[in-house]
Every structure is written in C-alpha cells, then in structure tokens.
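Asks: Questions regarding the structure given below will be posed in turn.
The values are calculated or read from the model by the stated rules, or taken from the named source; none is laboratory data. This is a predicted model, so every value here is computed, not measured. Cβ: placed from backbone, ideal geometry, glycine included. Neighbour counts: every protein chain shown. Please note that ligands, DNA and RNA were not included when accessible areas were found on the heavy atoms of the full protein model with its side chains. Shrake-Rupley method; radii C 1.70, N 1.55, O 1.52, S 1.80 Å.
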Amino acid sequence: GVTRLLLTRIPFFKEIIISSFSCDSCSWSNTEIQSAGRIQEQGVRYTLAITSRQDMNREVVKTDCASARIPELDFEIPAFSQKGVLTTIEGIIDRAVAGLEQDQPARRATDKEVARKIDEFIGKLRQLKEVNSPFTFILDDPSGNSFVENPHAPQRDEALVVTHYRRNPQQSAMLGLEVDSKPPDAAEDLRDEVLQFNTNCPECNAPASTNMKLVQIPHFKEVIIMATNCDSCGHRTNEVKSGGAIEPQGTRITLRITDPSDMTRDILKSETCGVEIPELEFELGMGALGGKFTTLEGLLKDIRDLVEKNPFTLGDSSTPSRTGKLQEFIGKLQDVKGKTQAHFIMDDPAGNSYLQNVYAPEEDPELRVQRYERTFEQNEELGLNDMKTEGYETEAASGR
C-alpha cells in the first residue's frame, strides 16, 4: 500500500500532520492525524452544546490521548482507544457505532441479551445524529492538542466552552511527562521497574542476565516473574515466584474443561502446586515444572514436553510397552484441548496458585475453588512445623 503525509494548518488552531493509507489489493483505507507541535503547557476541555444539524458538521481534531463523552447517554470513548483523527461530530458518532457493531454477530450467537442492549444503545447514538433533542459533547485532551471548530471565529461561540486546566500527575504520567518529585535520598519504588541481575546460563554456564518484574494479577495477588535469556546458546527460561506469604489455608482449584476457549485461561502454578487430570489418570507432583505463569494450553504443552523429553520415557532407555502407553497418553492429552471434556485440578497447599475466572468478579460455573486446612505432612513439606515467628526471642535468651 501507499501512505501519504500532509503537513497542514487548521485556522485559529495549529499545524497537524495528516497521514492517509490505501491498499489497491483489498481497497482498505485509513486516515490518521498527529500533532506537528509539542505537548501544550495545559490540557484543554471543549464542551459543545449541540442544538442543530449544522453543529454535527463542526470539524474536530481528536488526538489519541483525548477522551470524548456524551453525558446524556452516559457514553465515553476512553483515551488511547482510537487513533488520532480529523473528522466531524457526526464522524465521531459514526466511528463509535461502527466499533460497537463490529462484534455484534458473535454476541448474538453467544449472549443475545447483551447484543440486544447494545443494539438499543446503537439506536440511541444514531438518533443523536438527527438532533431531535439537544445534547452535550465533551472533548477532554490532557495534551492540549485537540480542537473543536468555532464556525464564528474570530468571534466568540456561545455554544462552545473552552476550558484550559493544569494536568494532574496521572495525566502527566499517561503522556510520558511524569517528573520524579521525590528527594534524591528517597527510596526508589521498584514495583514499576524491570530489575536485571547477572547470572550463569543453566545449560552452557555462560554469563547471562535474568530479568525480574513484580506483577499484580487481577483478583489475586502479586507475583515475581523471572526470565533468563542466554545469548551464547539461545536458551530461554522463565519462572514465577509468589510475591506474598504462604496462605493460612491450602487451595484446591477444579476446572471443568468444556470448550476450546478454556485453553486461553491464565494460570499461575507455583512450585508447591500439584496438577491432576482424573480422566487421564495423570498426576504431577509438587516441584515438577517449577513455577509457571502461562495459559492452560501452555501448561498442557509443558506437561507434554516433560514426558517427551525424558530419555527414560520415550528415549532409547524406554521399553516398547512403556512407549506405547505414553504415546497413548500424549494423544489423550492432545484431545483435552477442546475435543474431550475433562477436569483439571490444581492442588496447592501454600495457596499461592491461581486459575483465571473469565466471569470475574461474578462466579464461574465451571470453576470451583476450595480452601482446606493443611495436614501435618503438608506443613512439613513447606517447612512450617519448625517455623516460629513469635516468642522466639524469649526462648533464645533463656537457652543461653
């Protein structure tokens, strides 16, 4: 395709860059605008009272960091959800309608009630274009580079209110303008940074680097993700550690796999978690595969690789009878990915494992989470029986 760029100036506003892309093969085209100037000292908010069809034709420059709202419908286009565009008020409504209609066929097949409500809302948006009743259009841009046309310029427009405001720290951070206001001797907040430390590759022992990041999993807790890349041999590995303490109770998570979409659920498997698939008579003990943050499909693939790469199972050291049984198991494991219904069970005595609830915060009908009291043996494996966190100072003093 071909992309064309045009530097132009909007009267009573500023210079912008208009880019246009078109493809001769599939006839797809796209337009986008970018500000040709710098981010302004203050943000800007345009509030337009629309009372006639002529108001729908007003030109609008909406940057990608601007949000648009219509309070009468409780409707908002969030910042960074669309590319920058040079259009009209009617064009913004048309884009919103097109975005809502895009996934309607799939919604009608899966959730008719939601699709019906969205159809009703689309009808309300289309009625706005007829301006049967006045409504308000608000364009808020923290960068100050958006614009709503004043057809009476340079005279004042009674229907348009332009407000300039000082950005708050969150808006400055969103624009990449965050200035560190901490004193030089203040402790750094490392939660948003990727830490890197030197180590050796577990395969070739060459010097390598490990990246570490603290991540908050929604509706769960914080975890530490560690990834190692070796430039010498190309070996790559990742591991997940719990970012919190051992929970007071163990957790047993049971998922009934009924649809191929279940394979995309996020999974956090801690290194203390065991995995069980009763239909395959398969059980994976604690410590196997280490800590993983992946999807259900990714974890099943890791289980398959664990079986296939073990030289005592499918290698030269295996027996024909064992090889046949394991090949049959691998075939059944492959069928679990959408063909065969099965139960996937994660049992973590430490309570630090997680399986995504796609209905969150509502209850998932296919997912059951059980809390249970750990046995003495499980506490022994976790090292909790000999761990004392209270009163040990007194005992140490009396022992002397």
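Asks: Hey, can you find the accessible area per residue of region 42-175 for me, probe 1.4 Å, expressed in square angstrom?
Replies: 54
Asks: Let me ask something else. Can you give the local net charge around Pro71? Use residues other than it whose beta-carbon is closer than 15 angstrom to its beta-carbon, Lys and Arg +1, Asp and Glu -1.
Replies: -1
Asks: Holding the Cα-Cα limit at 24 Å, pick out from Lys292/Lys388; Lys62/Lys112; Lys221/Lys269 the pairs that are longer than that.
Replies: As for pairs spanning more than 24 Å Cα to Cα, those are Lys292/Lys388; Lys62/Lys112.
Asks: Kindly rank 293-300, 201-208 from highest to lowest mean number of other beta carbons found within 10 Å of each residue.
Replies: So the order, starting with the most tightly packed, is 293-300, 201-208.
Asks: Net charge near Ala115: determine it from the other residues with C-beta under 13 Å of the C-beta of Ala115, scoring Lys and Arg +1 and Asp and Glu -1.
Replies: Once positives and negatives cancel, what remains is -1.
Asks: For labels at Asp111 and Asp386 in the simple 7 Å Cα→Cβ model, what's the distance in nm?
Replies: Taking the two extended label points, one gets 5.2 nm.
Asks: Follow-up. Compute the angle between helix 296-308 and the longest alpha-carbon principal axis of the chain, please, reported from 0 to 90 degrees and rounded to the nearest 10.
Replies: Tilt of helix 296-308: around 40 degrees.
Asks: In deg cm²/dmol, rounded to 500, what helix-only [θ] at 222 nm does the chain give when every DSSP H run of at least 4 residues adds -39500 (n - 2.57) and the total is split over its residues?
Replies: -6500 deg cm²/dmol
Asks: Kindly state, as a whole number, the per residue volume in cubic angstrom of the convex hull around the alpha carbon atoms of the chain.
Replies: 285
Asks: Compare the peptides 165-171, 22-28 by average per-residue count of other Cβ atoms within 10 angstrom and give them in order, highest first.
Replies: For the peptides 165-171, 22-28, the packing ranking is 165-171, 22-28.
Asks: Report the Cys residues of the chain lacking a disulfide-compatible partner, meaning no second Cys Cβ under 4.7 Å from their Cβ.
Replies: Taking the Cβ cut-off of 4.7 Å, the unpaired cysteines of the chain are Cys23, Cys26, Cys65, Cys273.
Asks: If you don't mind, there's one more thing I want to ask. By how many nm would the segment from Leu214 to Gln54 lengthen if fully extended, with 0.36 nm per residue of separation less the alpha-carbon distance?
Replies: So the chain would gain 52.4 nm between Leu214 and Gln54.
Asks: Which whole-number percent gives the relative contact order of region 250-382, counting Cα pairs below 8 Å spaced six or more residues apart?
Replies: 46
Asks: Report, to the nearest whole %, how much of the accessible area of the chain belongs to carbon and sulfur atoms, 1.4 Å probe, protein only.
Replies: Answer for the chain is 49 percent, counting heavy atoms of protein chains only.
Asks: With the contact rule set at Cα under 8 Å and sequence spacing of 6 or more, what percent relative contact order holds for the chain?
Replies: 13
Asks: Sequence neighbours fewer than 8 away in the same chain don't count; with that in mind, list the aspartates and glutamates whose C-alpha is under 13 Å from Lys332.
Replies: Partners found: Glu279, Glu281.
Asks: Given points 7 Å out from each Cα along the Cα-Cβ axis, report the Cys23 to Leu5 separation in nanometres with one decimal.
Replies: So the two model labels end up 2.2 nm from each other.
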